Amino acid sequence: MVVYINPKLNEIPVLFVEAGNLTIKRRHRKLERQIKAELPAILNLDGKRRRILDSYDRLHARFSNQSFLSAPQYLFKFLASHQRLMQINALVDLYNFISLKYSLALGAHDLAKVDGFFSFNLTAGSEIFYPLGSADPLSVSPGEYAYMDEREILCRLDVKQCEKTKVTTETDSCIFIIQGNAAAPIEHLHAAANELIDLIGVYCRGEARLATVRFADPRAAQQPSAAERVIPAAERR
């Protein structure tokens, strides 16, 4: 799979992992035990991880006129309040665990529900965005960074995912986003990606690898080839 990155965003460290042949349980007891065992170390934020968390605020201020909590900041806030991770399903719990462990923004999108190419791009302000859990679209400002397909925003900044591509126990394949900021060296992202890939094999019996990236604005470039295009489920029938 090819992910298109707008060259204007090449300063934001980001990796993409594609995974297939997934078996996603509603709950996975062994995963829960591993998470519980590592929670004390996760809560003990060292200087490096704290700097990464704080740097999301500066990144958002550059690309948006609104104030947001990044995904890992939100998870830490939940963890501090409840002394546990929220439980969604084994795959979501797994990548939330990695997000907390590395203080990085992680998200996943069901590939069967992605329409056309997948890109990391800047908003024009006219895009459609249905936030997770909402049946009503939300307007976005121009100049924000976002993860998109050909029809709509899939994730606004590193803050809020859309409803359409959320991962469920029925998901067979997905693409993960691992995004950092100026305080997160790319080696830190690769360490998170390597652990994510390993745990997908252990807890979801899937196969995962880094996706290919191409620095090009897909709205200005030619359409990707058939080999690069993600075909929605409705078009595969």
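Report, by residue number, each residue of region 174-198 that is surrounded by 17 or more Cβ atoms within 10 Å (Cβ to Cβ), of a type outside the set (S, T, N, Q) and either under 15 Å from residue 101 (Cα atoms) or in contact with a Cys (Cβ under 6 Å, 6 or more places away or on another chain) (or both).
178, 180, 184, 188, 189, 192, 193, 196, 197, listed by residue number.
Determine which member of the set 13, 7 is under 20 Å from residue 210 (Cβ atoms), within 16 Å of the chain's Cα centre (by Cα) and surrounded by fewer than 20 Cβ atoms within 10 Å (Cβ to Cβ).
13
How about region 145-210: which strands (runs of 3 or more DSSP E) wholly inside it have at least 2 residues that are within 27 Å of residue 127 (Cβ to Cβ) and hydrophobic (A, V, I, L, M, F, W, C)?
By residue number, 145-148, 153-156, 174-179.
From the list 19, 61, pick out the single residue that is of a type outside the set (Asp, Glu), in contact with a Gly (Cβ under 6 Å, 6 or more places away or on another chain) and farther than 15 Å from residue 179 by Cβ.
The unique qualifying residue is 19.
So, in region 141-170, exactly how many residues are crowded, with 24+ Cβ neighbours inside 10 Å, out of contact with any helix residue (DSSP H, G or I) (no Cβ under 7 Å at 6 or more places or on another chain) and farther than 14 Å from residue 105 by Cβ?
Qualifying residue count, region 141-170: 3.
Is one or more of the residues making up region 130-142 more than 14 Å from residue 162 (Cα to Cα), in contact with a Ser or Thr (Cβ under 7 Å, 6 or more places away or on another chain) and either part of a loop (DSSP other than H, G, I, E, B) or not polar (S, T, N, Q) (or both)?
Yes, because at least one residue in region 130-142 is more than 14 Å from residue 162 (Cα to Cα), in contact with a Ser or Thr (Cβ under 7 Å, 6 or more places away or on another chain) and either part of a loop (DSSP other than H, G, I, E, B) or not polar (S, T, N, Q) (or both).
Do you know which residues across region 211-223 are closer than 13 Å to residue 15 by Cα and part of a loop (DSSP other than H, G, I, E, B)?
211
Only the coordinates and a few stated rules stand behind these numbers; no lab work does. Since we're looking at a predicted model, the values are computed, not measured. All Cβ positions, even for glycine, are placed from backbone atoms using ideal geometry, and neighbour counts span all protein chains on display.
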